[in-house]
Amino acid sequence: MNAFHSFWSEPNKIKNNKEIRLPDYEQLTAVLSALKWRQHNGDIRMITDSCGREYLEDIGLTWIWNSIDTELDSLSGTVDPFLFWAEGKLRALEIMSAPCVMLDTDMIIWENVDTFIDRYDVTAAHSEDLNPSVYPDPSCFGFKDDYRIPEEWDLSLKAANTAFLCIKDEELKSYYTASAMEFSKHLAEGCTDPVKSMCFAEQRILPMCTAVKHKRLGYLFDTTEVYRQTVATHTWGFKRVLDLNENAREQLCMRMIKRIYEDFPEYSDKLQNCRDLKKYLDKYNKSKKSACTE
């Protein structure tokens with residue numbers, strides 16, 4: 001099953017004062033995410049924009065994907081990158097042909113997923129309860145140009161986390177991406193919450209579209225298993241800790257460096273050329289030398 005990562009640089013530049021910056025731990029999870037997918041499941045491409053590609057070349061990470069494309073240049077000026085910071089994923093999914101897997105760069109799949117995705121037409125990471133702080137009633141949104149939430153959507157359905165998303169049906173994929181981007185395009189300018197706006201567009205609309213098309217929706221794991229991390233590791237909820245705790249950040253980065261070296265020794269030379277990972281690579285290599293002399 002072919003997969004893709006996506007990286008739309010415009011939201012990143014808003015967050016980082018017009019510069020593109022990916023923290024070292026995000027770079028390392030992207031490496032493991034891409035290489036583990038290639039090891040167990042198939043090819044994976046990166047869909048980004050021209051600035052994103054240039055940045056990935058500068059930091060020395062382009063080797064982890066089978067190919068890199070810049071189709072997200074077409075997003076520029078079409079949607080607010082602050083409110084809809086994950087719109088690049090939807091545009092990338094629109095471009096891809098079904099069946100395909102949409103995979104976040106902070107989601108690492110540790111094994112073959114055929115037995116999971118074979119059961120369903122759509123497979124997401126896990127379901128999410130409709131917590132009003134994230135998934136409020138749609139009445140809280142304002143719309144322009146006479147847009148209305150479609151009557152056929154079942155608003156009682158739980159949301160679906162799309163850090164992993166496999167869609168097999170082209171018609172459903174097109175319906176979902178068109179519906180999500182239509183919502184984004186018509187959100188009124190007074191709506192300023194990027195979490196509520198993007199999570200509705202990306203993760204709440206999916207189950208409703210799936211139900212309208214009478215397709216089966218399943219999950220890699222249920223919510224009680226999210227932190228067991230046997231099938232997958234998703235670092236999203238840990239990022240706040242990593243940004244504030246330097247010791248936790250270094251420990252995680254060193255663990256990932258060790259895992260990459262051990263599982264993919266054929267890429268050791270390429271890893272050495274990753275600009276922002278030098279301090280971890282030097283520390284790892286020094287510890288290896290010390291172990292050899294003992």
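The values are calculated or read from the model by the stated rules, or taken from the named source; none is laboratory data. Predicted model only: the values in this text are computed from it and were never measured. With ideal geometry, Cβ positions are generated from the backbone for all residues, glycine too; neighbour counts draw on all protein chains shown. Calculation scope for accessible area: heavy atoms of the full protein, side chains included, ligands and nucleic acids excluded. Shrake-Rupley method; radii C 1.70, N 1.55, O 1.52, S 1.80 Å.
What's the total number of residues in segment 43-74 that are within 17 Å of the chain's Cα centre (by Cα) and not polar (S, T, N, Q)?
Total satisfying the criteria: 16.
Quick check on I59: is it within 20 Å of H234 (Cβ to Cβ), touching a Leu at 6+ places or on another chain (Cβ under 9 Å) and at pLDDT 95 or above?
Details: within 20 Å of H234 (Cβ to Cβ): no; touching a Leu at 6+ places or on another chain (Cβ under 9 Å): yes; at pLDDT 95 or above: yes.
It is false that I59 is within 20 Å of H234 (Cβ to Cβ), touching a Leu at 6+ places or on another chain (Cβ under 9 Å) and at pLDDT 95 or above.
Please identify the pairs in which a residue from segment 1-30 that is over 16 Å from W65 (Cβ atoms) and basic (K, R) has its Cβ atom under 8 Å from the Cβ atom of a residue that is surrounded by fewer than 17 Cβ atoms within 10 Å (Cβ to Cβ) and at pLDDT 95 or above, counting only partners at least 6 apart or on another chain.
Listed pairs, sorted by first residue: K13/E19.
I need the full set of residues from segment 87-102 which are open to solvent by less than 10 Å² (accessible area, probe 1.4 Å) and not charged (D, E, K, R), in order please. Step through it out loud before you land on a result.
Our first condition is that a residue be open to solvent by less than 10 Å² (accessible area, probe 1.4 Å); within segment 87-102, this holds for 87-88, 90, 92-93, 100-102.
Of everything in segment 87-102, those that are open to solvent by less than 10 Å² (accessible area, probe 1.4 Å) and not charged (D, E, K, R) turn out to be G88, L90, A92, L93, C100, V101, M102.
If you go through segment 91-101 one residue at a time, do you hit one that is closer than 17 Å to A232 by Cα and modelled with pLDDT of 95 or more? Step through it out loud before you land on a result.
Residues of segment 91-101 that are closer than 17 Å to A232 by Cα, as a first pass: 101.
Now restrict to residues that are modelled with pLDDT of 95 or more: 101.
There is at least one residue in segment 91-101 that is closer than 17 Å to A232 by Cα and modelled with pLDDT of 95 or more.
Do the conditions hold for G42, that is, is it without any contact (Cβ under 8 Å) to a residue 60 or more places away in the chain, more than 18 Å from F7 (Cα to Cα) and out of contact with any strand residue (DSSP E or B) (no Cβ under 6 Å at 6 or more places or on another chain)? Step through it out loud before you land on a result.
On the way: without any contact (Cβ under 8 Å) to a residue 60 or more places away in the chain: yes; more than 18 Å from F7 (Cα to Cα): yes; out of contact with any strand residue (DSSP E or B) (no Cβ under 6 Å at 6 or more places or on another chain): yes.
It is true that G42 is without any contact (Cβ under 8 Å) to a residue 60 or more places away in the chain, more than 18 Å from F7 (Cα to Cα) and out of contact with any strand residue (DSSP E or B) (no Cβ under 6 Å at 6 or more places or on another chain).
Among the listed residues T105, T123, T115, which satisfies the condition of being in a loop (DSSP other than H, G, I, E, B), of a type in the set (V, I, T) and either in contact with a strand residue (DSSP E or B) (Cβ under 9 Å, 6 or more places away or on another chain) or open to solvent by 40 Å² or more (accessible area, probe 1.4 Å) (or both)? Working first, answer last.
Values: T123 fails: in a loop (DSSP other than H, G, I, E, B); T115 fails: in a loop (DSSP other than H, G, I, E, B).
One residue alone meets the criteria, T105.
Would segment 136-148 turn up any residue that is without any contact (Cβ under 8 Å) to a residue 12 or more places away in the chain, more than 30 Å from C51 (Cα to Cα) and under 22 Å from the mean Cα position of the chain (by Cα)?
The answer is no, given that none of the residues of segment 136-148 is without any contact (Cβ under 8 Å) to a residue 12 or more places away in the chain, more than 30 Å from C51 (Cα to Cα) and under 22 Å from the mean Cα position of the chain (by Cα).
Filter the helices (runs of 4 or more DSSP H) completely within segment 171-264 down to those with at least 2 residues that are modelled with pLDDT under 90. Even if it seems obvious, please write down each step before you answer.
On the way: elements: 194-199, 205-212, 239-244, 246-263.
Hits in segment 171-264: 239-244.
Name, by its number, the condition in (1) under 30 Å from N161 (Cβ atoms); (2) surrounded by 15 or more Cβ atoms within 10 Å (Cβ to Cβ) that does not hold for N247.
(2)
Being open to solvent by 20 Å² or more (accessible area, probe 1.4 Å), at pLDDT below 95 and assigned to a loop (DSSP other than H, G, I, E, B), is that true of even one residue in segment 62-77?
Scanning segment 62-77 turns up at least one residue that is open to solvent by 20 Å² or more (accessible area, probe 1.4 Å), at pLDDT below 95 and assigned to a loop (DSSP other than H, G, I, E, B).
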